[in-house]
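Written below as structure tokens is the structure these notes are about.
The values are calculated or read from the model by the stated rules, or taken from the named source; none is laboratory data. Keep in mind that what you see is a predicted model, and the values were worked out from it rather than measured. Here Cβ is always computed from backbone atoms with ideal geometry, including for glycine, and neighbour counts include all displayed protein chains.
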Amino acid sequence: MITILSKLLLLFWAMIAIAKSPFMGATASDILGGKGLTVWQLTDLRKKIEQQPYECKVYQALVGFVFLNDLLKAFVAQQERMLLSENWVEKPRGLPAAFVQKITVPADACIVTMGDLHGDSCSLNDLIQCWQKPDRDRPAILDAQLRIRTPKTYIVGLGDYVDRADGGTEIWALLAQLKAVNPHHVVLLRGNHENKSINESYGFLRELCCKYGAKKAVVLMNQFVNVYRALPSALLVEVKNASQARDCVLFCHGSIEVGIDLRPVLSSPAAQYQAIDRIDRASLWAQFLADIAPQEFVYASTLEETLLGLEWGDFCLDDERISYQDGRGLKADKVLTQTWLNHMSIPGHRVRAIVRAHQHGSDNDIDLLKKNGGVYQLWDKTVTTVVSCMPLLCRMRKIDIMSTAFLTLHVASTFEQWRYQTQCTPAYAR
Ligand SMILES: [Mn+2]
């Protein structure tokens, strides 16, 4: 009698627990089946994120395994369906090893950009809260269901969503939702940490193991490999204007890649994607690379042999000279960068600038980021670096905390009129 009673009690308790924790019980098909997450489910996850101590390595699963697994599966299916039904320079048979996306935006568009998040779920939560509220000079960007409120607004994630801190799974639960409800206005790029072997050494696999156990972690890791393959390595944004001359900006995580040619996607008005399956750095660029980069780098011809500059590369700061860094790739200087941008441009389509993230490793990088609110520019707007997870990086270095940073790029019909607006979120969560 007692055992039956205790079993009934246990069942009752479990039912209440599931009802109270939708993220542990809901299925992802509810989200990506077009219904959208309900407001209270989103608020529930974000409330939990806010209640967590703001430290690395807490490892409390706020998103249930079944939910996350279903969510990732649905995300990949939706992405693949969308990608393979759209226009490619040359249609691939399946998803290629890497690819670049192109979108055309109106001349009054604004592109809200977040840089590295690195498992700092509080920073993404702060960004979302900030974007859901009106600001002095703009209305709210997102509604309560994470839908973008005006069609001229785009959100770009520059990659490196996980590793370093322990909120990678919560970040992906929010990002997958953001992308699912705004498939054509949100672009999530692939950074060098959207990579299984990097996740094995920099914390994400350990996060998955600690939250879900080793067996389930392997299942999730394999899902994330599929997620990563569905992310573009760069985004070309082309600004529509009255004349035929269009200015473009390249969004990526790292820096330039001298082994690829983006002119096919730029010159084809209908093309939205271009596969990257060959690397050719030797022919045109040997003069820049011959003395600094090892032969394996210069003569690599496939992605498997090398690090893709779009995901891995850096830019020289002030007085640094062009160099090659082992395990990281090329650090491009002003001359090489400008030459590459000119080379990519075709009559009527000039690639004017690069917006990227990634460079936050040295004292110099951090100084520059802190001094400039998480965003700094090189060479008269040619390169803009955005790093969002500034609270995490400051904590890791034990320096004064600053809040989460993002960039809004207000494009205009000519590059000279573009406005770069750096902002930090109020620290909502703590
Ligand atoms: Mn990076």
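Looking at segment 242-250, is at least one residue at pLDDT 90 or above, of a type outside the set (A, V, I, L, M, F, W, C) and either within 16 Å of the ligand (Cβ to nearest atom) or surrounded by fewer than 20 Cβ atoms within 10 Å (Cβ to Cβ) (or both)? There is no residue in segment 242-250 that is at pLDDT 90 or above, of a type outside the set (A, V, I, L, M, F, W, C) and either within 16 Å of the ligand (Cβ to nearest atom) or surrounded by fewer than 20 Cβ atoms within 10 Å (Cβ to Cβ) (or both). Yes or no: residue 386 surrounded by 20 or more Cβ atoms within 10 Å (Cβ to Cβ), within 16 Å of the ligand (Cβ to nearest atom) and within 16 Å of residue 409 (Cβ to Cβ)? The answer is yes for residue 386. Within segment 194-209, does at least one residue satisfy the condition of being touching a His at 6+ places or on another chain (Cβ under 9 Å) and surrounded by 23 or more Cβ atoms within 10 Å (Cβ to Cβ)? Looking through segment 194-209, at least one residue is touching a His at 6+ places or on another chain (Cβ under 9 Å) and surrounded by 23 or more Cβ atoms within 10 Å (Cβ to Cβ).
Looking only at segment 251-279, which residues are within 16 Å of the ligand (Cβ to nearest atom) and either acidic (Asp, Glu) or farther than 24 Å from residue 358 by Cα (or both)?
Once the filter is applied, which keeps residues that are within 16 Å of the ligand (Cβ to nearest atom) and either acidic (Asp, Glu) or farther than 24 Å from residue 358 by Cα (or both), segment 251-279 yields only 257.
Please work out if residue 214 is surrounded by 24 or more Cβ atoms within 10 Å (Cβ to Cβ), out of contact with any strand residue (DSSP E or B) (no Cβ under 7 Å at 6 or more places or on another chain) and farther than 17 Å from residue 233 by Cα. So residue 214 fails the test. More than 16 Å from the ligand (Cβ to nearest atom), at pLDDT 95 or above and not in a helix (DSSP H, G or I): does that describe residue 293? In short, no. For segment 89-134, the set of residues classified as among the β-branched types (Val, Ile, Thr) and under 20 Å from residue 272 (Cβ atoms) consists of 89, 100, 103, 104, 105, 111, 113, listed by residue number.
Being touching a Pro at 6+ places or on another chain (Cβ under 9 Å) and without any contact (Cβ under 8 Å) to a residue 40 or more places away in the chain, is that true of even one residue in segment 386-405? Yes.
As a summary of the residue check, residue 108 satisfies the conditions (1) away from the ligand (no atom under 16 Å from the Cβ); (2) in a loop (DSSP other than H, G, I, E, B); (3) surrounded by 21 or more Cβ atoms within 10 Å (Cβ to Cβ); (4) acidic (Asp, Glu) except for the one numbered (3). Restricting attention to segment 237-264 and to residues that are more than 14 Å from residue 276 (Cα to Cα) and among the β-branched types (Val, Ile, Thr), the residue that is farthest from the chain's Cα centre (by Cα) turns out to be 239.
Residues that are among the small types (Gly, Ala, Ser) and out of contact with any helix residue (DSSP H, G or I) (no Cβ under 7 Å at 6 or more places or on another chain) within segment 242-285 comprise 242, 243, 245, 259, 267, 268, 270, 275, 283, listed in sequence order.
In the set 396, 402, which member is part of a loop (DSSP other than H, G, I, E, B) and either within 16 Å of the ligand (Cβ to nearest atom) or of a type outside the set (Ser, Thr, Tyr) (or both)?
Criteria check complete, one pass: 402.
Residues in segment 344-385 that are free of Cβ contacts under 8 Å to residues at least 40 places away in the same chain and of a type outside the set (Ser, Thr, Tyr): 347, 361, 363, 366, 367, 369, 370, 371, 380, 381. Among residues of segment 113-140 being crowded, with 24+ Cβ neighbours inside 10 Å and of a type in the set (A, V, I, L, M), the one that is nearest to the ligand (Cβ to nearest atom) is 117. Only one of the numbered conditions (1) modelled with pLDDT of 95 or more; (2) away from the ligand (no atom under 16 Å from the Cβ); (3) not polar (S, T, N, Q) is violated by residue 170, and that is (1).
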